[in-house]
Amino acid sequence: MRAGVDLLREGWTMTKTKGCLIGCGSVAAIFFILVGFIGYQLVQKTRHYAQEWSSLAKSYNETNEAFAFVSSPDGLLDPERFGLFLEVRNTLIAQTGDEFRMFEAVFMAKNEQKDQSFGEVIQLARQIAQLPIKVGHKHVGILKENQMSFAEYKWCTAGMLATIREGSKQGESFCWSLYDRLKTSEEKVGEINKSGSAPGGAAYQSVISSGNFPKAVENVPLLLSHQSAISDTSEYLWLDCLIVGFAPERTAAGMPDNREP
């Protein structure tokens, strides 16, 4: 009789253990399915954003093909073309200023909020990734309307920043008044590039180097003739830094664009 009771107890214990194994196994399976699904979604989103960046880069390259540009080896800016560049820049800022401010606000929120849920982090990353692409396509449209290539726009931008940097070293008051803002902008763009929110990076320093603009300080009078247009939009110098570091010919080809050009 005792042996029969022991046998029943053993069978009941085995049944409970087997049931637990089945139950735990089901939970584990569901967990891994969920992880796999989330991972798949993230990969798909990453591919989607990569494709959007590539599409934008190709659009920028189309402007380079349509409106050929050859830069000046001495780094001197052409007054007429620099004036057109400022018109394009100011139009871009006027049409997309809200997006720029939103991008900046979202990026700052991403950096300042340490305790965020997984969903909040994904949402912020998505917002940061979409804004530059949206603005970039508007930029392409404005460039085409003004028959200016992205290569020329980027070179004029770099020339302006190089002149601010070199002019401040020479004690030019206007350049010096913008230098702190430029340094802050460079640091901000460094953070944006570290976050992977937008292409760019090491190429920036290479593009605005004194080797590319050996006579940059001679551009100071030209900048002074557009003093108000530049000063009134100095809060967007970080955007200028971001553009200078962007190499669409590399992005379109699927190559890192933070190398020296």
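The values are calculated or read from the model by the stated rules, or taken from the named source; none is laboratory data. Being a predicted model, the structure only gives us computed values, none of them experimental. All Cβ positions, even for glycine, are placed from backbone atoms using ideal geometry, and neighbour counts span all protein chains on display.
Some points to look at:
- Only one of the numbered conditions (1) within 19 Å of Leu242 (Cα to Cα); (2) modelled with pLDDT of 90 or more; (3) surrounded by fewer than 20 Cβ atoms within 10 Å (Cβ to Cβ) is not met by Arg89, and that is (3).
- Screening Lys194 on (1) at pLDDT 85 or above; (2) surrounded by fewer than 17 Cβ atoms within 10 Å (Cβ to Cβ); (3) not aliphatic (A, V, I, L, M) shows it passes everything except condition (1).
- Residue check for Ala253: at pLDDT below 85 and over 24 Å from Gly211 (Cβ atoms): yes
- Applying the condition of being of a type in the set (A, V, I, L, M, F, W, C) and not in a helix (DSSP H, G or I) to segment 204-217 and asking which residue is nearest to the chain's Cα centre (by Cα) yields Ile208.
- For segment 218-240, the tally of residues that are part of a helix (DSSP H, G or I) and out of contact with any Leu (no Cβ under 7 Å at 6 or more places or on another chain) stands at 12.
- Meets criteria (in contact with a Gly (Cβ under 8 Å, 6 or more places away or on another chain) and either at pLDDT 65 or above or buried (at least 17 other Cβ atoms within 10 Å of the Cβ) (or both)) for Ser72: no
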